[in-house]
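Working notes, structure below.
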């Protein structure tokens, strides 16, 4: 298992953003659904080793990220796209991706090819020499994805990756997700259930810091059976049914 | 976006590059994208208008032009370098890339050092380029001796320290306002120390007016590097402390790395503190600032040189660095020297000597006639030689001493001696009434007095007659056996 978390908790002052979450994930695409403020981003930031858990056990890629040495090894094999992507406006797309490839400690000799591949895979090949300040929101998001995948990570964490992408780009991105999930653990946090339905093999639904559903997209869809849950698509109705059941 | 991994896009074949290690590649990237190259034209223009023209306003002496460097390096390069470095140091916070960068395998401290190196590298390259231009121009003008490197080192350390302090400020307080505030803070820090330069602690500031070098440094005596070493120690210590502090926070790296960073920061602080303490032990010596703990006695040895001399009967000999001034000095002293040529007690040569203290340099030193054969030892520097009234100034200092050495004047001189002195001076074109205003201690006879009348009479004699009379009667005149009436 690339991700093993047991009873993971994260508090910010008196607020418990993540409240005793336990999950396991191996290779494949794992969807993390939930309403705003459910704790998805906090959970993802803990998995990305940005913040440390308040309590609980966390093992990533078979290592304990609590110690510096293992954490550094995890980070070499990690890709992360934060919800709010920061970037250096003066860097070109290729430089931005190269910068993170180098910071991820990739062998320098492999970096140029890896950068070219990542940029091509995100459809930014013709924008490789464009400054980031000149890109649209969707292109910036793809540049963020490119930096996340440049080191061919074993654990890829994507927070709202399709925000700002047009429908055509989202379709292409889902295909990319499925491809990446062939060998790596890809965890996608989103509130767009159609992304989960199209690309994920497993899905967890969070609400108020807890995982309230864990299973396949089909199983989530089935939760709507026999209910009058709201939604325009079967998966959406399953999502609404689970939340309604939890909150009732 | 594509699911399949495509082959890398075809590119034009390029010249094979030398493969760089990871820090080298990061540095290359940062060198391309740091803000510093954008503000370098402004800094270089500022140096050109301010530092370069100011330095070039001095005659081509290394000891005059090189001390401009530490001061202008701080004002022009370190201040703006601090601002640019603060901007780069705050980049992650301003660009909100902290989450992205927090999870990279390369420690934050290492990444920050690379960014600082790139920013400082540009500033340093520009500074050294400006130094090269200034030194090249000075060398082309025939400056004597070799260019001093310590002022360059102090300036370089100032640039590095300014950039390090600015970068640390930006990293710890990331905001768009940090850059201007860091620039202002470094400016205030520099000028505050400069303002307190009355004590020897104030000497340590690179912008302190009382620098390590005297105007004649490198001519008669070697440069004293004591204060420069101390300044480099302070500035390098500040730079190391600031850079070390970057690695102390928990997010900077592992425990070992953070401890190392803390040790580096502590070492920097110790170095800076030591430098300040050493500055307190400094003392001003004739040829520079001496700090006992850093002083090498060999530095105070005179520099051997062969003077350049004129061809008059009493030749004027100057340090070769002042070769250009030889005709002017010879012309200024020539009339008086020709009056006393061959007379007992007259100097056989005029030799330039170094000033003994900075005050002398500004006001002109006191010449003396001493030795056997007698030499007129004349402290001279560009401050005297470069001024419009150099002839009057030289005469006001040297003429009374020369005449006194021949006639034997002074406080106990008799009326005939006083009259002969005044007559000789007037015959040589010295305006007696102006001597006092030029700072001379010579007391001319009061107009209307018998001594004044005798002096006027003596000065009116043909030069040959006067010279012949002095040859015949000088011994009696010096012994006080000549009366005013006997004076021709």
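Laboratory data are not the source of any read-out in this text; all were calculated from the coordinates shown. Since this is a predicted model, take the numbers as computed values, not measurements. No Cβ is skipped: glycine too gets one built from the backbone with ideal geometry, and neighbour counts run over all protein chains shown.
Hey, if you drop one equal point scatterer on each alpha-carbon of the range A:83-152 and run the Debye formula without solvent, what base-10 log of I(q)/I(0) do you get at q = 0.14 Å⁻¹?
At q = 0.14 Å⁻¹ the computed log10 ratios are -0.33.
Going by a ≥ b ≥ c, the root eigenvalues of the Cα gyration tensor, does the range B:12-159 fall in the rounded group (a/c under 1.5), the prolate group (a/b larger than b/c) or the oblate group?
prolate
Share of antiparallel DSSP beta bridges in the protein assembly as shown, in percent to the nearest 5?
Working: 29 of 55 bridges.
Taking every DSSP beta bridge within the protein assembly as shown, about 55 percent pair in antiparallel fashion.
Calculate how steeply helix B:415-427 sits against the longest principal axis of the alpha-carbon atoms of chain B, using the helix alpha-carbon long axis, and give the answer as 0 to 90 degrees to the nearest 10.
Result, in degrees: 60.
Let me test this: with uniform point scatterers at the alpha carbons of the range A:101-248, what is the Debye-based log₁₀ I(q)/I(0) at q = 0.16, 0.19 1/Å?
Debye intensities relative to I(0), on a log10 scale: -0.90, -1.12.
Just rank B:259, A:14, A:121, A:59, fewest to most, by other beta-carbon atoms within 10 angstrom.
Least crowded to most crowded, the residues run A:14, B:259, A:59, A:121.
Once both axes come from the Cα atoms, what is the angle between helix B:79-89 and the longest principal axis of chain B, in degrees from 0 to 90, rounded to 10?
Tilt of helix B:79-89: around 10 degrees.
Could you work out the relative contact order of chain B, using alpha carbon pairs under 8 angstrom and six or more residues apart, expressed as a whole percent?
On the way: 807 pairs, mean separation 54.5, N = 488.
Once normalised by length, the contact order is 11 percent.
If you count, for each residue, the other Cβ atoms within 10 Å and average over each peptide, how do B:108-116, A:176-184, B:52-60 line up from highest to lowest? Mind dumping the intermediate values first?
On the way: B:108-116: 22.3, A:176-184: 19.1, B:52-60: 16.0.
Order by mean packing, descending: B:108-116, A:176-184, B:52-60.
Run the numbers on chain A and let me know its relative contact order in percent, using alpha-carbon pairs under 8 Å that are six or more apart. Don't jump to the answer; show the numbers that get you there.
Numbers: 502 pairs, mean separation 62.3, N = 248.
Worked out over chain A, it gives 25 percent.
For chain B, build the convex hull from the C-alpha positions and give me its volume per residue in Å³. Let's see the in-between values first.
Numbers: hull volume 93.8 nm³, N = 488.
For chain B, the hull spanned by Cα atoms encloses 192 Å³ per residue.
With each run of n ≥ 4 DSSP H residues scored as -39500 (n - 2.57), what mean residue ellipticity at 222 nm is computed for chain B after dividing by its residue count and rounding to the nearest 500 deg cm²/dmol? If you can, show how the numbers build up before the last one.
On the way: 21 runs with 266 residues, N = 488.
About -17000 deg cm²/dmol.
What translational D, rounded to a whole number of µm²/s, comes out for the protein assembly as shown from Stokes-Einstein when the hydrodynamic radius is the Kirkwood one over Cα pairs, at 10 °C and 1.306 mPa s? Let's see the in-between values first.
Numbers: Rh = 31.9 Å.
For these conditions, the coefficient is 50 µm²/s.
Take the Cα atoms of the range A:7-125, build their convex hull, and give its volume per residue in Å³.
Values: hull volume 17.7 nm³, N = 119.
Here the figure is 149 Å³ per residue.
Distances over 15 Å make up what percent of all Cα-Cα pairs in the range B:231-305? Let's see the in-between values first.
Details: 1748 of 2775 pairs.
It works out to 63 percent of all Cα pairs.
Rg and Dmax in Å for the range B:22-300, alpha carbons only: what are they?
Computed over the Cα atoms of the range B:22-300, radius of gyration and Dmax are 19.3, 62 Å.
Angle check, please: helix B:108-140 long axis (alpha carbons) against the longest principal axis of chain B (alpha carbons), in degrees 0 to 90, nearest 10.
So the helix axis and the longest Cα principal axis differ by about 30 degrees.
Let me confirm one metric for peptide B:249-256, namely the mean number of other chain beta-carbon atoms within 10 Å of its residues' beta-carbons. Could the numbers behind the result be given before it?
Working: counts 0, 1, 1, 0, 2, 5, 3, 2.
Taking the mean over all residues of the peptide, I get 2.
Just round it to a whole percent: the fraction of Cα-Cα distances in the range B:99-252 exceeding 28 Å. Don't skip to the answer; put the middle values down first.
On the way: 3750 of 11781 pairs.
More than 28 Å apart: 32 percent of the Cα pairs in the range B:99-252.
What number, in nm² with one decimal, is the all-direction average of the projected area of the convex hull of the alpha-carbon atoms of chain A?
Numbers: hull surface 53.9 nm².
For chain A, averaging the hull's shadow over all directions gives 13.5 nm².
With both partners inside chain B, how many of the DSSP beta bridges are antiparallel, as a percent to the nearest 5? Intermediate results must be reported in sequence, preceding the final value.
Numbers: 9 of 17 bridges.
Of all bridge pairs located within chain B, approximately 55 percent are antiparallel.
Is there a simple number for the mean count of other chain Cβ atoms within 10 Å of the Cβ of residues in A:81-90, and what is it?
On the way: counts 2, 7, 1, 4, 5, 11, 4, 6, 1, 7.
Rounded to a whole number, the mean comes out at 5.
Considering only DSSP beta bridges whose two residues both sit in chain A, what percent are antiparallel, to the nearest 5? The partial results should precede the final answer.
Values: 20 of 38 bridges.
Looking only at bridges with both residues in chain A, the antiparallel portion is about 55 percent.
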